[in-house]
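Below: one structure, written as structure tokens.
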Amino acid sequence: MTRLLTVENLTVGLPRGADRPNAVEELSLHLDAGEILCVVGESGSGKSITANTVMGLLPKGLPVRSGRITFEGDSLLDLSAEALRERRGSRMAMVFQEPMTALNPLMRVGDQIAEALAVHGKGSEAKARVPELLSAVNLPDPAAIARMHPFRLSGGQRQRVMIAMALALEPALLIADEPTTALDVTTQMQILRLIREIQERKGMGVMFITHDFGVVAEIADRVAVMQHGRIVEQGTAAEILNAPQHPYTRALIAAVPHGAAPERQAILPAPVLEMKGVTKTYQRGGWFGARAVVKAVHAADFTLNKGETLGLVGESGSGKSTLARCVVRLVEPERGEILFHGADLRPLSRQGWLPYRKRIQMVFQDPYASLNPRRSVGRAITEGPVTHGVPPAEARARALELLRLVRLDESAMERFPHEFSGGQRQRIGLARALAMQPELLIADEPVSALDVSVQAQVLDLLAEIRQRLGLTMLFITHDLRVAAQICDRIAVMQHGAIVEQGPTAEVFGAPKHPYTRALLDSIPGRGWTPPVLTESA
Amino acid sequence: MNSFWRNFARNHGAVVGLVILLLVIALAILAPVLYPGSPWDMVAAPFAPPGEMGMLLGSDSLGRDVAAGIAHGARVSLLVGAVSTVAALAIGVTLGAVAGYLGGMADEVVMRFTEFFQTIPSFVLAILLVAIFTPTIQSIVLAIAVVSWPPVARVVRAEFLSLRSREFVQAAEVLGKSRLAIVLGDILPNALSPIVVLSSLMVATAILLESALSFLGLGDPNMMSWGFLIGSGRSVIRIAWWMSVFPGIAIFLTVLSLNLVGEGLSDALNPRLARNRGGAA
């Protein structure tokens with residue numbers, strides 16, 4: 001095999017005042033033609049900086065302090081801007097994370113690919129090559145797609161276009177920076193297969209950046225694990241995944257949701273929440289032009305028993321968040337019954353809802369948006385109870401207790417949200433919900449914005465608190481491994497309807513609906529069971 | 001607070017603007033000390049050029065001290081600017097908040113009402129209002145407030161629309177807080193930055209509007225103002241330039257300083273935007 005890319009002792013500095021002196025430190029790795037190297041790490045570990053340095057796309061504030069990058073025999077860091085530009089696109093190409101913003105919205109898709117060819121002096125071939133490239137990335141009807149503007153394509157289709165563009169000049173090296181993170185799980189699987197297939201056909205070297213060990217298991221030949229700007233462990237995929245050596249790798253792999261549900265006591269049929277035929281449609285337009293009607297939630301039925309956790313799973317746009325928001329009336333459904341201990345909540349007024357606010361609480365998805373930036377943590381936690389007439393001193397005492405429960409320091413009371421990390425904020429959000437002493441907790445993707453090790457901590461905390469306080473929980477997630485781990489029962493949603501529901505083991509073990517089967521088939525790395533690692537360093 | 005000042009001071013123009021503005025405010029406060037007595041009194045021979053007969057900036061066609069007029073006029077200009085802006089903010093923030101928070105029908109009604117005001121040329125409407133209510137300081141403030149609230153309402157509505165769907169506002173709803181508590185406690189504090197920036201520019205516009213009204217003779221006849229000074233000196237500008245030039249400079253400097261301060265506030269409240277702009281230049 002030919003050595004394609006070598007990075008030796010690369011150090012890239014960070015501006016002064018950052019949390020560490022260098023973004024990437026003493027980093028060495030290599031990539032052969034025809035192999036896929038996965039660079040894995042949590043957010044802020046320097047994996048994207050590494051990719052951008054290779055491409056020569058570093059922002060001005062980040063200087064390369066030392067090191068060599070050799071690509072096909074040339075030292076990339078010594079090349080002139082013009083020489084680098086010639087190689088970019090033609091010899092090495094990049095696919096970005098966010099397909100929604102990576103394409104020029106005002107240009108037809110075909111023209112954008114043709115432009116990539118024209119820039120490198122192959123504009124004359126564009127007419128023939130563009131449809132060929134689009135069909136190479138498995139897009140149906142390439143001629144029609146080439147004439148479309150990006151806004152008419154879905155996220156997965158756009159990512160395919162990006163890949164087609166990157167492949168236009170048949171580069172020797174493809175760098176893919178989290179190319180599937182913004183995509184739904186079924187689409188993600190298609191893109192992963194596509195990258196694998198094209199890589200094998202063309203014998204490219206692929207540097208694949210990801211945070212997801214499932215994806216690693218799916219696609220990698222070799223793996224490099226990064227932490228705080230350093231590579232802590234490197235090896236073949238089988239070695240790293242099944243017998244990790246470094247404590248950090250071991251901790252990361254131990255934190256991957258294992259998808260195996262722990263033993264649970266039987267749930268007695270004592271309904272806390274019953275949804276009957278809940279329907280919510282959105283209408284757009286009106287006045288002039290045609291009305292567009294979107295069925296966000298369509299005739300949803302489910303029952304949630306005391307002490308039970310029901311998982312609502314589905315892809316983006318399946319209506320799972322809308323359904324959860326119907327329960328707390330952030331969304332008002334136009335039909336159906338929402339029975340909480342037998343009382344229908346749907347027709348209640350804002351005032352009539354007040355007594356139920358204490359009993360039903362919610363944890364939100366985005367830890368950066370769910371706390372008011374101008375309010376101290378203490379006030380955020382106490383304001384709910386105080387609104388409902390609890391004396392401030394008592395609310396404060398309870399808030400301190402809750403901070404201990406979610407394992408935060410008492411000094412957190414006086415601090416503001418921006419001083420905390422994502423995982424800590426999510427725990428503050430949880431404390432805020434628990435301060436109301438609810439019976440029913442709705443968790444809307446509470447861990448999907450968190451790194452995998454933090455995710456594991458929050459999930460454990462949720463499980464423990466649920467046990468200790470006897471909470472009933474509605475848990476919304478798109479991650480089936482997480483759902484399998486935490487839920488007693490699962491309801492699968494597609495296009496606003498619940499297509500299948502039942503006990504977790506049943507739904508995952510013997511799925512009846514074809515969509516459930518498709519979802520399960522798309523879990524990245526489903527063939528890989530994380531090894532049981534006893535100690536965690 | 002410290003980082004606020006650091007970001008503000010990074011914009012040098014804003015610091016200059018702030019200094020000028022403070023000087024104008026000092027002038028307004030010290031006017032009765034510097035120039036005791038009424039600025040309407042005849043204190044020198046008419047048409048004295050600057051520097052003669054003890055008149056720093058000359059005297060006007062009736063022998064009144066131009067410098068005293070400017071000092072006392074600063075009080076009127078700043079007062080009108082500040083009060084009318086507060087009044088416009090009160091109207092604009094209330095309507096914008098109602099439209100943005102409630103949405104739906106309320107939004108439609110309020111925004112159509114706002115557009116109704118925006119389609120009328122604002123200066124013509126201000127003249128009309130002052131003419132109907134007879135020119136007094138109150139009616140001038142009212143007229144300026146009435147013509148300058150629509151942009152506030154639009155900005156506040158846009159901010160509320162985007163903040164309303166943020167998760168921390170939804171969390172407040174789920175906690176069962178009242179609508180008023182959510183609007184005042186959760187949304188408004190997070191929408192303040194653009195309102196602060198906008199209001200500094202509105203003070204500048206209000207001063208210009210008041211000057212323009214006084215120039216046309218629609219000022220309060222009992223109040224000395226910059227616009228009135230320019231208006232009365234206009235007919236003799238070829239033989240006594242100082243009567244209109246100095247008040248003009250006063251207006252120019254005040255409005256400029258307010259605009260600079262507004263830009264500095266905007267940089268200080270959105271440090272990321274400011275830095276990007278610095279990088280591009």
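Read-outs: derived from the displayed coordinates by stated rules, not from any lab. What you see is a predicted model; the values in this text were computed from it and never measured. Ideal geometry is used to build each Cβ from the backbone, glycine not excepted, and the neighbour counts take in all protein chains shown.
Things worth noting here:
- Each of A:Ser43, A:Ser321 was scored by other Cβ atoms within 10 Å of its Cβ. Listed from fewest to most, they are A:Ser43, A:Ser321.
- Normalised Debye scattering of chain B at q = 0.07 Å⁻¹ gives log10 I(q)/I(0) of -0.33, counting only Cα atoms as equal scatterers and leaving out solvent.
- With the convex hull drawn around the C-alpha atoms of the range A:271-521, the volume per residue stands at 145 Å³.
- Value of relative contact order over the range A:100-168, rounded to a whole percent, pairs C-alpha under 8 Å and six or more apart: 44
- Within the range A:341-473, the proportion of Cα pairs with more than 17 Å between them is 58 percent.
- Only the Cβ atoms of Lys and Arg (+1) and of Asp and Glu (-1) were treated as charged; on that basis the dipole of the range A:1-57 about its Cα centre amounts to roughly 180 debye.
- With 25 Å as the limit on Cα-Cα distance, the pairs of A:Lys47/A:Lys122; A:Lys276/B:Lys177; A:Lys306/B:Lys177; A:Lys320/A:Lys358; A:Lys276/A:Lys512; A:Lys60/A:Lys202 that go past it are A:Lys47/A:Lys122; A:Lys276/B:Lys177; A:Lys306/B:Lys177; A:Lys60/A:Lys202.
- Least to most buried among A:Glu200, A:Glu315 (fewest other Cβ within 10 Å first): A:Glu200, A:Glu315
- Rounded to 10°, Cα long-axis angle of helix A:392-405 versus longest principal axis of chain A: 50
- Taking the longest Cα principal axis of chain A as reference, the axis of helix A:185-202 is set at about 10 degrees.
- Amide proton proximity set for A:Met493, modelled H, under 5 Å, gap of 5+: A:Val313, A:Gly314, A:Val499
- With a simple spin-label model that places each label point 7 Å from the Cα along the Cα-to-Cβ direction, the separation between B:Met53 and B:Ser178 comes to 6.5 nm.
- By the helix-only formula, in which each DSSP H run with n ≥ 4 contributes -39500 (n - 2.57) and the sum is divided by residues, chain A has a 222 nm mean residue ellipticity of -10500 deg cm²/dmol.
- Derived scalar couplings ³J(HN,Hα) [the range A:447-463; Karplus, 6.51 cos²θ - 1.76 cosθ + 1.60; whole Hz; x for Gly, Pro]: 10, 6, 9, 10, 5, 4, 6, 5, 4, 4, 4, 5, 5, 4, 4, 4, 4
- Rg/Rh for the protein assembly as shown (Cα atoms only, Rh after Kirkwood) is 1.05.
- Pairwise Cα inverse-distance average, inverted: Kirkwood Rh of the range A:173-241 (Å): 12.7
- Fraction of antiparallel bridges per DSSP, chain A only, in percent to nearest 5: 55
- Degrees separating the helix A:422-434 axis from the principal Cα axis of chain A, which is the longest one: 10
- Prolate/oblate/rounded call for the range A:1-126, Cα gyration tensor, a/c under 1.5 rounded: prolate
- For A:Glu337 and A:Ala505, a Förster radius of 35 Å and the Cβ-Cβ distance give a FRET efficiency of 0.75, rounded to the nearest 0.05.
- Rg/Rh, computed from the Cα trace of the range A:441-537 with Rh as the Kirkwood radius, has the value 0.97.
- J(HN,Hα) series, the range A:72-85, from Karplus relation 6.51 cos²θ - 1.76 cosθ + 1.60, nearest Hz, glycine and proline x: 6, x, 9, 7, 5, 5, 9, 6, 6, 4, 5, 5, 5, 4
- Sites A:Ala518 and A:Arg108 - FRET efficiency at Förster radius 30 Å, r taken between beta-carbons, to 0.05: 0.45
- Kyte-Doolittle at least 0.5, axis length at least 27 Å by Cα - qualifying DSSP helices, chain B: B:12-34, B:66-102, B:137-164, B:188-215, B:242-269
- The phi torsions of the range A:170-183, fed into the Karplus equation with coefficients 6.51, -1.76 and 1.60 and a -60° offset, translate into couplings of 6, x, 7, 10, 10, 9, 10, 9, 6, x, 10, 5, 8, 9 Hz, rounded to whole numbers, with Gly and Pro shown as x.
- Listed residue (B:Gln118, A:Val328, B:Ser139) projecting farthest to the positive dipole end of the protein assembly as shown, Cβ model: B:Ser139
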